[in-house]
Amino acid sequence: MTAKAQSEADSAPQRAPAALPRRIVLTGFMGSGKTTVGPLVASRLGWSFVDVDDAIEAEAGTTIAELFARHGEQAFRERERAAIARLAAGDGLVLALGGGAIEHPATRELLLTTPGTLLVHLEVKLATTLSRCKGTEYARPVLADQANLAARYRRRLPLYRQAHLSIPVDALTPKKVVEAILRAARLG
């Protein structure tokens with residue numbers, strides 16, 4: 001890791017709740033590493049890991065792409081909001097959100113104010129997203145819409161940055177991201 005990347009990780013804003021977290025929620029744009037880092041954090045803590053998109057697919061019996069195609073994004077986002085509210089009540093849990101979940105005001109409020117929740121933003125540049133997600137457009141409906149992708153990124157970035165902790169992850173290995181999360185949570 002470069003000195004600059006380490007410096008960025010060390011200087012990431014830290015507004016973690018005063019009490020030790022009972023759940024860690026990962027947010028960020030596609031390709032930020034939520035589903036890579038989440039299981040690693042959970043393993044280190046002996047907690048469970050849940051990817052909200054996987055939970056929604058299991059509950060619906062179909063893929064996210066199919067839900068978007070059949071019912072539209074708005075219906076999907078409402079299903080997502082309900083799933084997050086239900087899952088975020090658990091303890092000993094690392095939860096990975098879908099990239100757009102943070103746009104729902106009630107979801108943001110819930111994750112920022114529920115005692116025991118540490119909301120962590122894995123910040124990634126759009127160029128990194130495009131590089132990491134190339135070839136997955138079939139499974140990522142939002143990525144397939146190139147015309148609106150940059151606008152979505154710009155719209156979501158300030159919302160992601162409201163998290164208790166924001167970590168620039170472009171130049172960090174998953175292990176370094178895990179260490180930064182655990183250090184900020186005072187759990188590692």
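Values for this structure:
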item	result
Residue match in the stretch 80-97 (condition: of a type in the set (Lys, Arg) and in contact with a His (Cβ under 9 Å, 6 or more places away or on another chain))	yes
Residue ranges of helices (runs of 4 or more DSSP H) in the stretch 136-188 with at least 3 members at pLDDT below 95, surrounded by fewer than 16 Cβ atoms within 10 Å (Cβ to Cβ) and more than 13 Å from the chain's Cα centre (by Cα)	146-160
Only one of Val37, Val52, Val94 that is modelled with pLDDT of 95 or more and under 21 Å from Ala19 (Cα atoms)	Val94
Breaking point among (1) surrounded by 13 or more Cβ atoms within 10 Å (Cβ to Cβ); (2) in contact with a Phe, Trp or Tyr (Cβ under 9 Å, 6 or more places away or on another chain), for Glu80	(2)
Whichever residue in the stretch 42-56 is among the aliphatic types (A, V, I, L, M) and in a helix (DSSP H, G or I) and, among such residues, is surrounded by the fewest Cβ atoms within 10 Å (Cβ to Cβ)	Ala55
Residue among Glu73, Glu59, Glu78, Glu66 that is acidic (Asp, Glu), more than 26 Å from Ala185 (Cβ to Cβ), in a helix (DSSP H, G or I) and in contact (Cβ under 8 Å) with a residue 40 or more places away in the chain	Glu73
Meets criteria (in contact with a Ser or Thr (Cβ under 6 Å, 6 or more places away or on another chain) and modelled with pLDDT of 90 or more) for Ala101	yes
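The values are calculated or read from the model by the stated rules, or taken from the named source; none is laboratory data. Model, not experiment: these values are computed from the prediction. Neighbour counts are summed over all protein chains in view; Cβ atoms, including those assigned to glycine, are modelled from backbone coordinates with ideal geometry.
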